[in-house]
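Engineer: Here it is, the structure in full.
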Amino acid sequence: MPTVRLLRDDELSPMARAVFDDIRATRKTDFVNDFWRALANDPATLKRTWESIRQVMAPGALDPLVKEMLYIAVSIAHGCEYCVASHTASARAKGMTAEQYLELVAVVGMAAETNRLATALQVPVDPRFRDPA
């Protein structure tokens with residue numbers, strides 16, 4: 001159950017409406033998901049978050065599918081059901097296959113296990129891994 005109301009379009013402040021218009025234009029869709037509708041309760045946070053995500057998730061040195069898959073991995077690690085679902089849908093729309101998804105999940109699970117083992121055993125970092133070159 002949400003802790004804030006999910007605002008309808010007719011309830012938006014002018015600032016939130018402008019952000020929703022940009023989301024729709026950028027994504028070429030009429031759909032604005034519930035994450036943005038929750039954030040619309042705080043238009044400044046909505047605007048800042050949208051501007052950041054639009055910049056970070058734009059094509060760059062990493063292609064958009066890789067970025068979505070990274071987003072899924074972090075969302076799994078942080079236990080965010082909403083983000084896992086929404087970014088899995090986005091990655092699938094960008095071409096992620098079922099095999100890629102299952103391999104991604106296996107890597108996330110393996111990393112979580114080895115992270116816990118290294119932390120529990122307090123394994124010091126090998127000096128060669130600290131070399132920035």
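Engineer: Taking only the stretch 30-44 into account, find how many residues are part of a loop (DSSP other than H, G, I, E, B) and either open to solvent by less than 50 Å² (accessible area, probe 1.4 Å) or touching a residue at least 12 places away in the same chain (Cβ under 8 Å) (or both). Outline the logic, then answer.
Structural biologist: Residues of the stretch 30-44 part of a loop (DSSP other than H, G, I, E, B): 30-33, 40-42.
Those left that are additionally either open to solvent by less than 50 Å² (accessible area, probe 1.4 Å) or touching a residue at least 12 places away in the same chain (Cβ under 8 Å) (or both): 32-33, 40-41.
Adding up the residues that qualify gives 4.
Engineer: I'm told GLU103 meets every condition in (1) open to solvent by 60 Å² or more (accessible area, probe 1.4 Å); (2) closer than 29 Å to THR26 by Cα except one. Can you identify the failing condition by its number?
Structural biologist: Here GLU103 clears every test but (2).
Engineer: Could you list, in sequence order, the residues of the stretch 1-27 that are part of a loop (DSSP other than H, G, I, E, B), modelled with pLDDT of 95 or more and either hydrophobic (A, V, I, L, M, F, W, C) or open to solvent by 50 Å² or more (accessible area, probe 1.4 Å) (or both)? Reasoning before the result, please.
Structural biologist: Filtering the stretch 1-27 for residues part of a loop (DSSP other than H, G, I, E, B) gives 1-8, 12-13.
In the following step, the residues that additionally are modelled with pLDDT of 95 or more were identified as 3-8, 12-13.
Answer for the stretch 1-27, where residues must be part of a loop (DSSP other than H, G, I, E, B), modelled with pLDDT of 95 or more and either hydrophobic (A, V, I, L, M, F, W, C) or open to solvent by 50 Å² or more (accessible area, probe 1.4 Å) (or both): THR3, VAL4, ARG5, LEU6, LEU7, ARG8, LEU12.
Engineer: Any residue at all in the stretch 120-129 that's loosely packed, with under 10 Cβ neighbours inside 10 Å, among the acidic types (Asp, Glu), assigned to a helix (DSSP H, G or I) and more than 18 Å from the chain's Cα centre (by Cα)?
Structural biologist: no
Engineer: Name the residues in the stretch 84-100 that are without any contact (Cβ under 8 Å) to a residue 24 or more places away in the chain, assigned to a helix (DSSP H, G or I) and either open to solvent by less than 70 Å² (accessible area, probe 1.4 Å) or among the small types (Gly, Ala, Ser) (or both), would you? Step through it out loud before you land on a result.
Structural biologist: Start the filter on the stretch 84-100 by keeping residues that are without any contact (Cβ under 8 Å) to a residue 24 or more places away in the chain, which leaves 84-85, 87-90, 92-93, 97-99.
Applying the additional criterion that residues be assigned to a helix (DSSP H, G or I) yields 84-85, 87-90, 92-93, 98-99.
Across the stretch 84-100, the qualifying residues are VAL84, ALA85, HIS87, THR88, ALA89, SER90, ALA93, ALA98.
Engineer: Same structure, new question: Being modelled with pLDDT under 95 and within 30 Å of ARG8 (Cβ to Cβ) narrows it down to one residue among ALA89, ALA38, ALA58, ALA44; which is it?
Structural biologist: Values: ALA89 fails: modelled with pLDDT under 95; ALA38 fails: modelled with pLDDT under 95; ALA44 fails: modelled with pLDDT under 95.
Sole residue among the options that is modelled with pLDDT under 95 and within 30 Å of ARG8 (Cβ to Cβ): ALA58.
The values are calculated or read from the model by the stated rules, or taken from the named source; none is laboratory data. What you see is a predicted model, and the numbers here were worked out from it, not measured in a lab. Note that we place each Cβ from the backbone using ideal geometry, even for glycine, and neighbour counts take in every protein chain shown. Ligands, DNA and RNA are stripped out before the accessible areas are found, and what is left, the full protein with its side chains, is counted by its heavy atoms. Shrake-Rupley method; radii C 1.70, N 1.55, O 1.52, S 1.80 Å.
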